[in-house]
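Encoded as structure tokens, the structure appears first; notes follow it.
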Amino acid sequence: LLAPLTRTANFSRRRLFISQLNLFTMAETRVPNKLYSTHPKNYGKGSRQCVVTGRKGGNGLIRKYGINMKRQAFRERALDMGWQKYS
């Protein structure tokens, strides 16, 4: 028969397992926590991106008229697209 594990041995095994788990599941990305970005995003701000730069949406993504560009990219290319600035 096996002797039961002591509390400290069980705790150190659990801590070792958690540290090994973090090495394999976390990846170096711009996304803060890979755990939340594993599921594909098909709706909301995170599902849309700029057609010029490819950056994810959020504040600053112009979606009106199907432009789908970040605000900074739109300001650079607005005159080429035929938009005029009035004031």
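Here are a few things to note about the model shown:
- Projected label points at Gln84 and Val51, each 7 Å from Cα along the beta carbon direction, are separated by 2.3 nanometres.
- Solvent-accessible surface ranking, highest first, for Lys85, Lys70, Lys41 at 1.4 angstrom: Lys85, Lys41, Lys70
- When Arg71, Arg48 are compared by accessible surface with a 1.4 Å probe, the order from highest to lowest is Arg71, Arg48.
- Given R0 = 25 Å, the distance between the Cβ atoms of Asn68 and His39 translates into a calculated FRET efficiency of 0.65.
The values are calculated or read from the model by the stated rules, or taken from the named source; none is laboratory data. It should be emphasised that the depicted structure is a prediction, and the values quoted were computed from it without experimental measurement. Quick reminder, even Gly has a Cβ in these numbers, built from the backbone with ideal geometry, and neighbours come from all protein chains shown. Note: areas computed on protein heavy atoms with side chains; ligands, DNA, RNA excluded. Shrake-Rupley method; radii C 1.70, N 1.55, O 1.52, S 1.80 Å.
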